[in-house]
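Undergrad: Have a look at this one before I ask anything.
Readers should treat all values here as calculations from the given coordinates under stated rules, not as data from a laboratory. The structure presented is a predicted model; accordingly, all values stated were derived computationally and were not measured. Neighbour counts run over all protein chains shown; Cβ positions are idealised from the backbone, glycine included.
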Amino acid sequence: MKRVAVIGGGVSGLATALTLSKLDGDFQVTLLEASDRVGGVLETIHDGPYMVERSADNFATLIPDALMLSRQCGLEQELIPPNSEHRQAFVLNRGRLLPVPVGFSLMQPTRIRSILGTSTLSWYAKLRLLGEFWIPARESEEDESLESFATRRLGVETFENLVEPIVSGIFTANPATLSMKATMPQFVEMERRYGGLIRGHLAARKKDAAAAARRASGARYDQFRAPREGMSHWLAGLTAELPDGCLQLNTRVVEVSNPTDSQGRSSWSLQTNRGTMDFDAVVCALPAAATAELFQETIPQAAAIVGDVPYASSAVVAMIVNRADLKGRIDGFGLIAPRKEGRPTLAISYTSNKYPGRVPEGEILLRVFLGGALSPHMLDHSDAELIEIATEELRAILGWQERRANWQAVIRWKESMPQYVVGHAERMQQLETVLRQHPTVKLCGAAYSGVGIPQCVRSGRKAAEELADNWSEQ
Ligand SMILES: Cc1cc2nc3c(=O)[nH]c(=O)nc-3n(C[C@H](O)[C@H](O)[C@H](O)COP(=O)(O)OP(=O)(O)OC[C@H]3O[C@@H](n4cnc5c(N)ncnc54)[C@H](O)[C@@H]3O)c2cc1C
C-alpha cells in the first residue's frame, strides 16, 4: 500500500485525489485541506432567491479535463451551456458600449466583414489589422510579452482597444510582462508555422471549414459549461466520489521533511496542526508562495523557482439590481474596459444573463471586476469604498439610476491570480528538471501550466498519473 498525501483541497488537489483513487494500484490517498471546506477559490453563495459565484462561474471544455472529470464522477448531466440569447460582449470605447466584433477571437482576426464594420477601431487601425497577413513572422524563438506580440502583429490601436481589455479580463495581468508562450502558445505556434494569425486561420479553415467557422462566430460560447446548481454543488458531487476517510478538513500542513529510515528508504513526514503524518509520496496543490515555503528546506531549488511566480490581487463587487433601472446595454454576457478609458473597472460580467437560475426575473447579477496587476492598490479600499466605486461605474457605464443594489457583496482576491510573466515556460521546464530528481514529489495547481479550471484539473490528473507511472516502473 503506497501512502500518498495530497496537500490542498482546491479543484487541483481534488482532481489528483480522485484520479489516484480511481487508478489501478494500491494507493491510500489522504487529501489534507486547511479550511473547513473543499474548493479553494471556488465557492457559491446562496442567499434567498440569489445564487452568486465568488470566483469562477463556468469553465471551458476545449481543454476537456474538467468535463471528463465531471463525466467520470457522474456529474455531466449537471453541467449546462450558456443561454442561447445575448451571446455577445461589449467593449467600452470613449464612454460608449460597442459590441466586440464577432470576427475577433481573443486576438485573431477571423472575419473580415465584421472587422471592417466595427466602430471600435479607426479605419487606419482596421487596415493595419488586416495588414497582419503581410507582417513577416518573427525569427527569434525567445518568449515575448503579450503587448509586444499584439502590437507587432496587429498594431497599437487594436492592442489597446481590444486585445488588452480582453486579456486583462481573463488574466488580470500587465500585458507588458505577460508571457505569450505560457498564456497563448497557440498564437505563437501559428506565427511560427503559418507566418501569422490570419494565415493560421485560413489554414485551419482549409482543414476544417466548419470548425473554423464555429470558432469565428458567437458559437464559441458553446464550449463553456457551468454547474446548474453552482460550483459548490459540483464540488460536493466530486467530493462524494472520494474514498472513505480520504478527505481531512481543518488540517493545515505547516512543515514538510524527508527523513530516511535505517534501511535507507526515504519517506515524507508532514507536520500539521493535528499532528505528524507520514507518507511515501506527496502531491502539493497549493498556491506558489505556500508551496515554496513548505519545500524550501527539502527541495530549495524547486522552492526558489516556484516562489518567484508573482500573483495579482483583484476585487469582485457583486451587485444584483433591477434590469429596468439600467439604461445602458445589457443584452450581452458582459463588458470589458480598455485601460485608456481611464476607469477602475477591468470588466463587468452580466453573470445572470449567461446562465439561468441565478436571480429572479426582472433582476440581473452584475459582477464588477476591479484591481488586477496594474492596480495593486485597489484592495487598500474598504468594502464601503469598493461598493461606492462599483456603484459609480454602473451609473457611468450602464446608466444605472439607483444608489443601492437589491443585494451586494465585496469579494476580495488577495494575491490569488498567478501571473505567467515572460520566461515562465522556460522556468517551468527548469522546475521539471529539478523535480525529476524527486520522483515521489509532484506539484500541481494554477501556478504552473494554466490558471483555468480545466488546466488545474489536468495538472492534478497528470501529477497523479506520473506518480503511479513512476511506481509501476520501479
Ligand atoms: C476571481 C476569479 C475568477 C476566476 N474565474 C474563472 C473562470 O471563470 N473560469 C475558470 O476556468 N477559472 C477561473 N478562475 C481560475 C480558477 O478558479 C483557479 O485558478 C482554480 O480554481 C485554482 O484551483 P487550485 O486548486 O489550484 O487552487 P486553490 O483554489 O487556491 O486551492 C488551494 C487550496 O489549498 C488550501 N491550502 C492552502 N494552504 C494550505 C496548507 N498549508 N495545508 C493544507 N491546505 C492548504 C486552501 O485552503 C485551498 O483550499 C478564476 C479565479 C479567480 C480568483
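Undergrad: Applying 1/(1 + (r/R0)^6) with R0 = 45 Å to the Cβ-Cβ distance of Y124 and H46, what FRET efficiency is obtained, to the nearest 0.05? Working shown, then result.
TA: Numbers: r = 50 Å, r/R0 = 1.11.
Rounded to the nearest 0.05, the efficiency is 0.35.
Undergrad: Sorted from largest down, give the three principal axis spans of the alpha carbons of the stretch 324-367, whole angstrom values.
TA: Per principal axis, max minus min of the Cα coordinates gives 35, 20, 15 Å.
Undergrad: Pairwise over distinct Cα atoms, reciprocal of the mean inverse distance: report the Kirkwood radius of the chain in Å, one decimal place. Walk me through the intermediate numbers first.
TA: Values: mean 1/r = 0.0423 Å⁻¹.
With all distinct Cα pairs of the chain included, I get 23.7 Å.
Undergrad: Still on this structure: Between beta-carbons, use under 12 Å as the cut-off and find the net charge around S267, counting Lys and Arg +1, Asp and Glu -1.
TA: Details: positive: K2, R3, R265; negative: D261, D278, D280.
Here the charged neighbours net out to 0.
Undergrad: Output the peptides 169-176, 304-311 sorted from most to least packed, where packing is the average of other Cβ atoms within 10 Å over each peptide's residues. Spell out each step's value before the answer.
TA: On the way: 169-176: 21.0, 304-311: 19.5.
Top to bottom by mean Cβ count within 10 Å: 169-176, 304-311.
Undergrad: Out of all DSSP beta bridges in the chain, what portion is antiparallel? Express it as a percent rounded to 5. Please report the intermediate quantities before stating the final value.
TA: Working: 52 of 71 bridges.
Looking only at bridges with both residues in the chain, the antiparallel portion is about 75 percent.
Undergrad: How far, in nm, would the chain grow between E293 and S472 when pulled straight, counting 0.36 nm per residue and subtracting the alpha carbon separation?
TA: Working: separation 179, 0.36 × 179 = 64.44 nm, distance 3.03 nm.
My answer for the length gained is 61.4 nm.
Undergrad: Continuing with the same structure: Listed highest first by mean packing, meaning other Cβ atoms within 10 Å per residue, what order do 242-249, 5-12 come in? Working shown, then result.
TA: Values: 242-249: 14.1, 5-12: 27.8.
My ranking of the peptides, most packed first, is 5-12, 242-249.
Undergrad: Continuing with the same structure: So what's the Cα pair-distance distribution over the stretch 103-216, bin width 5 Å, in %?
TA: Each 5 Å bin holds this share of Cα pairs: 2, 12, 23, 25, 21, 14, 3, 0.
Undergrad: I've got another one for you. Trypsin sites (Lys or Arg not before Pro) within the stretch 310-350: which are DSSP loop residues with at most 14 other Cβ atoms inside 10 Å? Let's see the in-between values first.
TA: Details: sites: R323, K327, R329, R339, K340; in loops: K327, R329.
Filter output for the stretch 310-350: K327.
Undergrad: Let me ask another. Evaluate the Kirkwood expression for the hydrodynamic radius of the stretch 310-418, namely the inverse of the mean inverse distance over all pairs of different C-alpha atoms, and round to one decimal in Å. Walk me through the intermediate numbers first.
TA: Numbers: mean 1/r = 0.0709 Å⁻¹.
The answer is 14.1 Å.
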